[in-house]
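All remarks here apply to the structure that follows.
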Amino acid sequence: MFVAETNDEITGYIIWLQKSGFRPAAVLELEQLAVSPNFQGQGIGRKLINESLPLVKKQLLLHGSTVKHIWVTTRADNFAQALYKKTLGAEIETTIKNLYSADEVLMIARNVSG
């Protein structure tokens with residue numbers, strides 16, 4: 001877990017999970033990305049992705065792995081889809097109807113460099 005802080009206040013966090021076990025080509029999940037409502041639209045989510053992903057990749061390299069794909073799920077109406085597309089290159093693979101409180105989309109960034 002990585003956090004963003006502004007004036008000693010936590011303003012956001014990101015959680016990455018390795019989904020593929022101990023394989024040389026890892027699949028990562030962007031499990032959670034959240035930014036406090038008062039701080040949304042200020043680039044905190046993008047910064048969390050851009051600063052934490054290289055650290056996750058570095059940790060994987062220590063164990064002989066590189067990132068193959070990154071996947072993320074989010075509500076179909078979540079504007080963060082644009083963030084995932086721009087920062088990760090993720091594209092919508094499918095929509096899962098009425099999964100939680102609404103439709104969810106599964107996005108995957110394929111063949112991410114190590």
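The table below lists the values:
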{"item": "GNM result for the chain, Cα springs below 10 Å: residue of Gln42, Gln59, Gln81 fluctuating most strongly", "result": "Gln42"}
{"item": "Cα-based reach from Lys97 at 14 Å (exclusive), listing aspartates and glutamates while leaving out same-chain residues under 8 positions away", "result": "Asp77"}
{"item": "Listed residues Gly64, Gly89, Gly21, most fluctuating in the chain (Gaussian network, C-alpha, under 10 Å)", "result": "Gly21"}
{"item": "Cα convex hull of the chain - mean projected area over all directions, nm²", "result": "7.4"}
{"item": "Amide H contacts under 5 Å for Ala90, placed H, 5+ residues apart", "result": "Lys85"}
{"item": "Charged-residue dipole, Cβ positions (Lys, Arg, Asp, Glu), segment 1-104 about Cα centre, Debye nearest 20", "result": "440"}
{"item": "Amide H contacts under 5 Å for Lys68, placed H, 5+ residues apart", "result": "Ala26, Val27, Leu28"}
{"item": "Chymotrypsin sites (Phe, Trp or Tyr not before Pro) restricted to segment 1-105 and DSSP loop, no more than 13 other C-beta within 10 Å", "result": "Phe22, Phe79, Tyr100"}
{"item": "Lysines with Cα under 30 Å of Lys47, excluding same-chain neighbours fewer than 8 positions away", "result": "Lys19, Lys57, Lys58, Lys68, Lys85, Lys86"}
{"item": "Residues whose placed amide H lies under 5 Å from that of Ala4, excluding near-sequence neighbours", "result": "Thr11, Gly12, Tyr13"}
{"item": "Least to most buried among Asp103, Asp8, Asp77 (fewest other Cβ within 10 Å first)", "result": "Asp8, Asp77, Asp103"}
{"item": "Charge dipole of the chain about the Cα centre (unit charges at C-beta), most positive-ward option of Pro24, Leu106, Ile44", "result": "Pro24"}
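Where a number appears in this text, it was derived from the coordinates with a stated rule and is not lab data. In this text the structure is predicted, and so the values were computed from the model without any measurement. Cβ atoms come from the backbone with ideal geometry, glycine included; neighbour counts cover every protein chain shown.
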